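Here is the structure we will look at.
The values are calculated or read from the model by the stated rules, or taken from the named source; none is laboratory data. Computed from a predicted structure; not experimentally measured. Here Cβ is always computed from backbone atoms with ideal geometry, including for glycine, and neighbour counts include all displayed protein chains. Just so you know, the surface numbers come from the protein's heavy atoms only, side chains and all, with ligands and any DNA or RNA stripped out. Shrake-Rupley method; radii C 1.70, N 1.55, O 1.52, S 1.80 Å.
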Amino acid sequence: MYKLLLTALFCASFAQSYGQDILNKIKQNPDISWAQTTILEFDTDIKCRRRYKQLSGDHYLNLVIKHQMPLQLEVSPEESEYHNFADKIANKEFWSKAKNKCYLDPNLQQLLTAEQIAKKNAVTDTLVTFDPEDFSEIVEPIHGTYKHYHISHFKLFLCYAYNSKSQKLEVYPISLAPIVGRFSDEGKLIREKVTFWIPVQTTKKIDAQNANLNWIQKQNLSWRFNATSGQKLVEEQSIASLIYSQIKNLDKIAQTQNVYNTPPILGGKLITTEEIKSFQTKQMPNIKGIFFSYVLAWDAQQQKAIIQIEGCSPMTRGCLYFIAE
């Protein structure tokens, strides 16, 4: 009983420190003038079929930097397709170490037991074969857990914030969930099942030479204010007025930070003095959302997701400019 109590206290403490504690620190930071949480949808597929998915993250570029595949692929349903990020999570290695890592909610408050994980991720597929004598169809149920080909996309729970001291937008990834979804031919999501949420570790720099990282991928996501609801944590000023203040000081910001006319992942170059003046002479733009680029990695040894934020951009119709981290 004593051991069970200690385990429960440890798990509760971990969830509090990893999830809610991040949000509490943002709310208590006197330099944060605006902050809001949201959940974005994205996939990591680089195949052409990804363009048929309409996801809230509105991303349109996936660049794989590093991936590790087995030298020989077994001829089986779970190994015959292209290996992607989903394959790093939906495999035996992850399930064997999934204890104390999977949560029911994006805030990472409700830890799932091994039994709950097994129940949530149980799946029954069918194997169709033919009798060699009369060629009659034989349908056999196959019981197992979700594989990478079941995972259609992901959800990322994060918090956006504006730091008035540094005059920068900030992104705080908190948790990630693999989603089993079904899409129509037009790319609309028909139904989905959230498997579980896992913590996301953030870092300033992902080392591609790290042997423990078996997947590294560059991506971009955008959040349009009228497209996704979220919880406002701080609102001393509107985000539009804060961005307008950032534009008025963009020339000073560009002296100490790398500011691009469009995100580098999309081929942007360092912003010029003339481009800055053009922004500053215009009326306050109608800020419609926030764009950010990031690097997503998977640590095979510790079985965890890692994200490096590369920078952010306020959006009107497109990106206004991009301030790198």
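With +1 assigned to the C-beta of every Lys and Arg and -1 to the C-beta of every Asp and Glu, and no other charges, what is the dipole magnitude of segment 179-325 about the Cα centre in debye, to the nearest 20?
The calculation lands at about 240 debye.
Which trypsin sites (Lys or Arg not before Pro) does segment 179-240 hold that lie in a coil by DSSP with at most 16 other beta carbons within 10 Å?
LYS188, LYS204, LYS205
Can you return the lysines within cross-link range of LYS188? Criterion is Cα-Cα under 20 Å, with same-chain partners fewer than 8 residues away left out.
Output for LYS188: LYS47, LYS53, LYS155.
So, counting K/R as plus one and D/E as minus one, what does the shell of residues with Cβ under 14 Å around LYS248 add up to?
Every neighbour counted, the sum reads +2.
Roll a 1.4 Å probe over the protein heavy atoms and report the accessible area of ILE253 in Å², nearest 10.
10
Taking segment 267-325, which trypsin sites (Lys or Arg not before Pro) meet the DSSP loop condition and have no more than 13 other C-beta atoms within 10 Å?
Taking segment 267-325 and a limit of 13 other Cβ atoms within 10 Å, the loop trypsin sites (Lys or Arg not before Pro) found are LYS269, LYS282, ARG317.
Tally Lys and Arg at +1 and Asp and Glu at -1 over the other residues with C-beta under 10 Å from the C-beta of GLU325: what net charge comes out?
+1
Around ASN121, with a cut-off of 12 angstrom between Cβ atoms, what is the net charge of the other residues, counting Lys and Arg +1 and Asp and Glu -1?
+3
What number do you get for segment 163-314 when its Cα radius of gyration is normalised by 2.2 N^0.38 Å, N = residues?
Cα-based Rg divided by the globular estimate yields 1.23.
Along the positive direction of the dipole of segment 134-184 (beta-carbon charges: Lys, Arg +1; Asp, Glu -1; about the Cα centre), which of TYR162, ILE138, GLY181 reaches farthest?
TYR162
Can you pull the one-decimal nm distance between simple spin-label points at VAL194 and ALA240, each 7 Å off the Cα toward Cβ?
Rounded to a tenth, the inter-label distance reads 3.0 nm.
Roughly to the nearest percent, how much of the accessible area of segment 134-289 is carbon and sulfur, given a 1.4 Å probe?
47
Rounded, prolate or oblate: pick one for segment 182-242, where a ≥ b ≥ c are the square roots of the eigenvalues of its C-alpha gyration tensor, a/c under 1.5 means rounded, and failing that, prolate if a/b is larger than b/c, else oblate.
oblate
Of the listed pairs LYS25/LYS97; LYS248/LYS288; LYS97/LYS193; LYS119/LYS193; LYS193/LYS288, which have alpha-carbon separations greater than 24 Å here?
In this structure, LYS25/LYS97; LYS193/LYS288 lie more than 24 Å apart at Cα.
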